[in-house]
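Colleague: Have a look at this one before I ask anything.
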Amino acid sequence: MRTLTKGTLSWAGSERNLTEVNNGIEGHLNQNPEKKLYNKQKHRKMELLELGTQRLVHLDLKGAPPKLSYIKELLPRLKEWGTTGLLIEWEDTFPYDGEHLRVVGSFGPDSPGLYSKEDVTEILGLAEEHRLEVIPLVQTFGHLEFVLKHDKFRGLREVENFPGSICPTNIESLTLVQAMLEQVIKMHPSAKMLHIGADEVWHLGVCSMCQAKLASLGESAKERLFLDHVTKVLRWLKEKYPYLQLLMWDDMLRHIDPLLLIEYELGKLVQPMVWHYRSSKTFQLSRDLWPMYMKVFDGIWVATAYKGASGPNIQLPIISMHLDCQERWLQELQIQHDRGTLPKILGIALTGWSRFDHYAVMCELLPAGIPSLALCLAQWQARLFTYEMHRNVSKNLGYSEGQLVPLNPYPPQLSKIPASGFPGWEARHGIEWFVHLQAKIKSVTEGETAVSWLSSYLAKQNFTNPAHTILLTSSIPLILDEIAALENYLKPALAKLFSAMVVDEWFGTHLEPQREQLKQLLQLAEHQWAVGGRTRNLKASEEL
């Protein structure tokens, strides 16, 4: 999971500056961002900036794991757009096996039925066919809800009521992590790199065992507690799989004294992936971060986002925000390069989060994020974003002549001729339709008539004006008809790409509640029409 607030962490939890973050998002809503984002030409110095050779696309499979048929369609296009590898976060879709781990993966009770061992082998074969390196990501500290939610592993939680982080002091935690890593590595025989996660450990040093250990660790005790667990995992991996280059998210390292990182020999064990998803307005990375990492690491990775970073319930990426973030990243790297404080850049991961955590609703589905991904890849490779690039990528994605990928889907505008040149375009079009329809629904449920003439207070007193409520009895049925039409179109489009469980969750989360709300409002409006504008507090027996 990734949130826009990940840049500010404390050891006990997150310091969420939501106002600042929301301002950064809102700066990309309800405006035409193209002219602001277009670069006329690349700065000459940018030519000297080395960005590494790897461009990884992150597949977060905990949200809506795509069917193999969709993956088969998508991989050659990813290669065409400049992708060199896949950072695959399997989470509970991996076929963990054995008496203890079987319950946490694709054989478990909460699984959508993906993936089997044969499926994993086929996916890896498809990636190899298209010369895409696969880097598995296995969480080893935080974001372990998919494991710790099960009763058999509940005792490994750092905090009893929070299933996110394991207790690093409990020896069984390391045993669990090692068992998961062994199975994943065994299924990835060609892997040269492995990502251990280790981000957003919201609860650390809280349980009684960890409290006792903190007392013995002295200065920087919580930092040492974190590093003790991480380096145990890393050293075990280095010893057992010396051929693997290890990666980890960097956020938990940002406020640790570099001398402590050197003491733990972190630079010899792992390469950090520095992630940041905010737009230029709220972009925050400490100036001290780069010289600190130069002291510790020979090289680092960069991570941006193409979807899943602008809201837990967003259905279409705010592409202008992602492009703006990458432009700000390029500027930051150039500044540090000119100062001589930039570590070697090994590559970039373009992350695409599917849920903000294991328990959250699904955010943007993969097909909804494809136009954003194609544009972000093009921008990063060229180190700028131009009108010509926007036009060429749009054409490649199947947009009609003169039509461009919308960089800002809000306010929603439904294309008369949908782009049809990329895998999953039908689903993308259906989701665009949904977002457009959502605005219509909101205009009714939060509109003047419902709020001012059919408030719950007035309706309880049967004190309404039928001259206004009658408007709802005519408008709501039309929207309900459109909901039915959208359902008839989008359900089969999503069913081609995802399991029935995913499709059911998407409709149960987004469409059904709004349909039910409209039905209730219609029933209320029809009842008040029948009442016919009477005196306040009309008794039920006298209503009709």
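The values are calculated or read from the model by the stated rules, or taken from the named source; none is laboratory data. On a predicted model such as this, the values are computed, not experimentally measured, just so you know. Because the Cβ atoms are built from the backbone with ideal geometry, glycine has one as well, and the counts that use them run over all protein chains shown. Note: accessible area is taken over every heavy atom of the protein model, side chains too, but ligands, DNA and RNA are not part of it. Shrake-Rupley method; radii C 1.70, N 1.55, O 1.52, S 1.80 Å.
Colleague: How much area per residue is accessible in segment 334-445 when the probe is 1.4 Å and only protein heavy atoms are counted (Å²)?
Modeller: About 36 Å² of surface per residue is accessible.
Colleague: If you don't mind, another one. Lysine pairs in segment 213-268 8 or more apart or on different chains: how many have alpha carbons under 19 angstrom apart?
Modeller: Close lysine pairs under the 19 Å cut-off: 7.
Colleague: Run through segment 61-145 and list the trypsin sites (Lys or Arg not before Pro) located in a DSSP loop whose Cβ has at most 12 other Cβ atoms within 10 Å.
Modeller: For trypsin sites (Lys or Arg not before Pro) across segment 61-145 that sit outside H, G, I, E and B with at most 12 neighbouring Cβ atoms in 10 Å, the list reads ARG131.
Colleague: Taking Rh as the Kirkwood radius, which is the inverse of the mean 1/r over Cα pairs, what is the Rg/Rh value for the chain?
Modeller: Over the Cα atoms of the chain, Rg/Rh equals 1.01.
Colleague: Also: Provide the percentage of antiparallel DSSP beta bridges, counting only those with both residues in the chain; round to the nearest 5.
Modeller: 10
Colleague: Would you list PHE283, PHE463 from the most to the least accessible area, probe 1.4 Å?
Modeller: Solvent-accessible surface, decreasing: PHE463, PHE283.
Colleague: Oh, and also: Run lengths n ≥ 4 of DSSP H only: what is the helix-derived mean residue ellipticity at 222 nm for the chain, with -39500 (n - 2.57) per run over all residues, to the nearest 500?
Modeller: -14000 deg cm²/dmol
Colleague: A further question follows. Let me cross-check GLU448: its accessible surface, 1.4 Å probe, with only protein heavy atoms counted, in Å² to the nearest 10?
Modeller: Approximately 130 Å² for this residue.
Colleague: Calculate the spin-label point distance for VAL451 paired with ASN465, positioning each point 7 Å from the Cα along the beta-carbon direction, and give it in nanometres.
Modeller: 1.7
Colleague: Hey, another quick one. When a/c reaches 1.5 or more, the comparison of a/b and b/c decides; with that in mind, is segment 234-293 rounded, prolate or oblate per its Cα gyration tensor?
Modeller: It comes out oblate by the Cα gyration axes.
Colleague: Relative to the Cα centre, what is the charge dipole magnitude of the chain, using +1 at the beta carbon of each Lys and Arg, -1 at the beta carbon of each Asp and Glu, and rounding to the nearest 20 debye?
Modeller: About 1020 debye.
Colleague: Sketch the reach of a paramagnetic label on GLN331 as a point 7 Å from Cα along Cα-to-Cβ, and name the residues of segment 279-297 whose backbone nitrogen lies under 19 Å away.
Modeller: Hits in segment 279-297 for GLN331 at 19 Å: 279-290.
Colleague: Which value does Rg/Rh take for segment 111-209 over its C-alpha atoms, Rh per Kirkwood?
Modeller: 1.04
Colleague: To make sure I understand the rule: partners must be lysines, Cα under 23 Å from the Cα of LYS440, and not fewer than 8 residues away in the same chain. Which ones qualify?
Modeller: Straight-line reach from LYS440, under 23 Å: LYS416, LYS491, LYS519.
Colleague: In addition: Rounded if a/c is under 1.5, else prolate if a/b beats b/c, else oblate: with a ≥ b ≥ c from the C-alpha gyration tensor eigenvalues square-rooted, which is segment 315-371?
Modeller: prolate
Colleague: Which whole-Hz couplings ³J(HN,Hα) result when phi for each residue of segment 421-433 is put into the Karplus expression 6.51 cos²θ - 1.76 cosθ + 1.60, θ = phi - 60°, listed in order with x for Gly and Pro?
Modeller: Each residue's phi maps through the Karplus curve to give x, 9, x, x, 4, 4, 5, 4, 5, x, 6, 4, 4 Hz.
Colleague: Report the calculated FRET efficiency for LYS72 and THR175 (r = Cβ-Cβ distance, R0 = 30 Å), to the nearest 0.05.
Modeller: 0.25
Colleague: How do ARG224, ARG235 rank by accessible surface area computed with a 1.4 Å probe, from largest to smallest?
Modeller: ARG235, ARG224
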